[in-house]
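To keep things clear, I will list the structure first and then write my remarks on it.
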Amino acid sequence: MTELAAKSSLSRESISKYELGATKPRGESILKLANALKFPVYFFGKPDIVIPMGTVFFRSQAASTNKLREMQKIRLELAAQSLLYISKYIKLPQLKIPEPLNIKIEKITPEIIQRIASQTRKMWQLGNGPIKNLTNDMEANGIIITETTMHSEKMDAVSTRINDVPLIALTDNNESVMRRRFNLAHELGHILLHNSVENVFDLNNNKYKNLLEKQANQFASYFLLPDESFTDYLVAGSMNFFRQAKLYWNVSIAALIYKANALHLLSEKPIHLSAKANFKKSLEKT
């Protein structure tokens, strides 16, 4: 409110009263607010529609501030209002996702995460190879994706459910294609795995907050890089090979190395394959 008062030449007291609904701004004040916030004047006169929102998940939440998170929640609400308006005139794709889990997060095992990732690929008929256009696939199956100004490199994506429709907001901070793709898969993981979480910040134990992020990352890894097909593809452990793999799988080199290590295909020296993978490679040559 202090920042807005300075930008709009209105008093902080006046803005506080507007926020509380104690008074309504007059025409001149609305023009000042519209100019300061760069919103059209008609926005301030539209009906205030309350739309039920589910749990809000923040990518990189540990590094973000309460102010940034609150800003993105408001942006999600605006996106939800736009969605409600558009849906009156346009028939949106029907939601087609596996049944989201409704169990405690500490009971979600890697095997469960892998199973749901495989179910999603099968339901969307993605096969077991690289996903060419994840944004299109998610939108075609009823997930709403939008882009918003995060004003910070500490926050990559935000997701929630609006009337049971998943809504993902991505940042416009010029992130790489690989990072955006992983962010989408990460948020999809939250949508499918963490339906039982009512409020992320009710999890006062950092262990559980970190577990949420770890599980969403695991889902993204299983979903973007299926174990069997990735293992078949990985025939070398050099950085040159990982650079080629990055273009093939459309994920970052870090994600590729993480996956290879999780499958025990790398030795303690990251540039070499394990004996098991080397044996497999030799068989393929014969």
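The values are calculated or read from the model by the stated rules, or taken from the named source; none is laboratory data. These numbers come from a predicted model, not from an experiment. We place every Cβ from the backbone using ideal geometry, glycine too, and count neighbours over all the protein chains shown.
Annotations
- The set of residues in region 104-118 being touching a Leu at 6+ places or on another chain (Cβ under 9 Å) and surrounded by 11 or more Cβ atoms within 10 Å (Cβ to Cβ) consists of Ile105, Ile108, Ile112, Ile113, Ile116, Ala117.
- Leu211 falls short on exactly one of the conditions (1) at pLDDT 90 or above; (2) assigned to a helix (DSSP H, G or I), and that condition is (1).
- The single residue among Phe57, Phe44 that is modelled with pLDDT under 90 and closer than 20 Å to Thr171 by Cβ turns out to be Phe57.
- Verdict on Leu170 being in a strand (DSSP E or B) and out of contact with any Pro (no Cβ under 6 Å at 6 or more places or on another chain): yes
- Consider region 132-145 and keep the residues that are assigned to a loop (DSSP other than H, G, I, E, B) and out of contact with any Lys or Arg (no Cβ under 8 Å at 6 or more places or on another chain). The one that is surrounded by the fewest Cβ atoms within 10 Å (Cβ to Cβ) is Lys132.
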